[in-house]
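Encoded as structure tokens, the structure appears first; notes follow it.
The values are calculated or read from the model by the stated rules, or taken from the named source; none is laboratory data. Bear in mind the structure is a predicted one, so any value in this text is a computation, not a measurement. Virtual Cβ from ideal backbone geometry, glycine too; neighbours counted across all protein chains shown. Side chains are part of the model used for accessible areas, which takes the heavy atoms of the whole protein and leaves out ligands, DNA and RNA. Shrake-Rupley method; radii C 1.70, N 1.55, O 1.52, S 1.80 Å.
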Amino acid sequence: MIEKTLIIIKPDAINRGLLGEIVQRFERKGLKIVAMKMMHLHDKLLEEHYPHIKDKPFFPGVKKFMQASPTVVLVLEGFEAVEVVRLMCGPTKASIAPAGTIRGDYALSVQSNVVHASDSKETAKKEIKRFFKEDEILNYEKIDYELILAPDERR
Ligand code: ADP
């Protein structure tokens, strides 16, 4: 099944200049970027996004961390994208995330763990709607050389 999933590249990754490397991993896997923007996550958005941890004692810390800088929010599309991307990110607690996963390779903390990825198909649908308007999600195909090359270069 071709699915869409929501990714947030968190402030620690932006701050450490890891945006390109992380996005590149998704591209190399074969996932297609169908939406992408830089966003500051305000209080209401974070409370809606994290209802399951809203009442935890660590939530104020998570909020501060997630607001420390803008984030980059993406929608990725591909075969079984929700599960594939979760596996690529690794477990929440980055200190025990296996090498080869994004959290395993770039993070140490349970709080600043460089990426968010939707945890189920249902959550993905809700999260994509929360962060993107319908017309911000783009439907496009690979372009061919006819369009890439200038007329003189095509001869
Ligand atoms: P995931 O992001 O892997 O889906 P959760 O939904 O459980 O994990 O948690 C959301 C985010 O809250 C985590 O990615 C992390 O940034 C933060 N978090 C989770 N647990 C803790 C904790 N015990 N202490 C501090 N921050 C936490």
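How about the stretch 104-122: which of its residues are in contact with a strand residue (DSSP E or B) (Cβ under 8 Å, 6 or more places away or on another chain) and either under 17 Å from Tyr50 (Cβ atoms) or among the acidic types (Asp, Glu) (or both)? I'd like the intermediate steps shown before the answer.
So in the stretch 104-122, the residues in contact with a strand residue (DSSP E or B) (Cβ under 8 Å, 6 or more places away or on another chain) come out as 105, 114-118, 121.
Answer for the stretch 104-122, where residues must be in contact with a strand residue (DSSP E or B) (Cβ under 8 Å, 6 or more places away or on another chain) and either under 17 Å from Tyr50 (Cβ atoms) or among the acidic types (Asp, Glu) (or both): Asp105, Val114, Val115, His116, Ala117, Ser118.
So, Lys133, is that one farther than 15 Å from Lys37 by Cα, open to solvent by 90 Å² or more (accessible area, probe 1.4 Å) and out of contact with any Pro (no Cβ under 8 Å at 6 or more places or on another chain) or not? Break it down stepwise before answering.
Working: farther than 15 Å from Lys37 by Cα: no; open to solvent by 90 Å² or more (accessible area, probe 1.4 Å): yes; out of contact with any Pro (no Cβ under 8 Å at 6 or more places or on another chain): yes.
For Lys133, the condition - farther than 15 Å from Lys37 by Cα, open to solvent by 90 Å² or more (accessible area, probe 1.4 Å) and out of contact with any Pro (no Cβ under 8 Å at 6 or more places or on another chain) - is not met.
Hey, any hits in the stretch 74-86 for a residue that's away from the ligand (no atom under 14 Å from the Cβ) and closer than 15 Å to Lys10 by Cβ? Give the steps one after another, and end with the answer.
The initial filter retains those residues of the stretch 74-86 that are away from the ligand (no atom under 14 Å from the Cβ), namely 74-81, 84.
Still in the running and closer than 15 Å to Lys10 by Cβ: 74.
Yes, because at least one residue in the stretch 74-86 is away from the ligand (no atom under 14 Å from the Cβ) and closer than 15 Å to Lys10 by Cβ.
If we scan the stretch 79-92, do we find a residue that is surrounded by fewer than 20 Cβ atoms within 10 Å (Cβ to Cβ) and more than 26 Å from Ile2 (Cα to Cα)?
Within the stretch 79-92 (the criterion being surrounded by fewer than 20 Cβ atoms within 10 Å (Cβ to Cβ) and more than 26 Å from Ile2 (Cα to Cα)), the answer is no, since none of the residues qualifies.
Inside the stretch 4-31, can you point out the residues that are buried (at least 19 other Cβ atoms within 10 Å of the Cβ) and not in a helix (DSSP H, G or I)?
Answer for the stretch 4-31, where residues must be buried (at least 19 other Cβ atoms within 10 Å of the Cβ) and not in a helix (DSSP H, G or I): Lys4, Thr5, Leu6, Ile7, Ile8, Ile9, Lys10, Leu18, Leu31.
When you scan the stretch 93-108, how many residues do you find that are open to solvent by 40 Å² or more (accessible area, probe 1.4 Å) and not aliphatic (A, V, I, L, M)?
To start, the set of residues in the stretch 93-108 that are open to solvent by 40 Å² or more (accessible area, probe 1.4 Å) comprises 93, 95-96, 98-100, 105, 108.
After this cut, where a residue has to be not aliphatic (A, V, I, L, M) as well, the list is 93, 95, 98, 100, 105.
Of the residues in that region, 5 qualify.
When you scan the stretch 42-70, how many residues do you find that are under 23 Å from Ser120 (Cα atoms), open to solvent by less than 30 Å² (accessible area, probe 1.4 Å) and within 12 Å of the ligand (Cβ to nearest atom)? Can you show your working first?
At the first step, the residues of the stretch 42-70 found to be under 23 Å from Ser120 (Cα atoms) are 44-56, 59, 62-63, 66.
Still in the list and also open to solvent by less than 30 Å² (accessible area, probe 1.4 Å): 45-46, 49-50, 53, 59, 62, 66.
When the remaining residues are screened for being within 12 Å of the ligand (Cβ to nearest atom), the result is 46, 49-50, 53, 59, 62, 66.
So the count comes out to 7.
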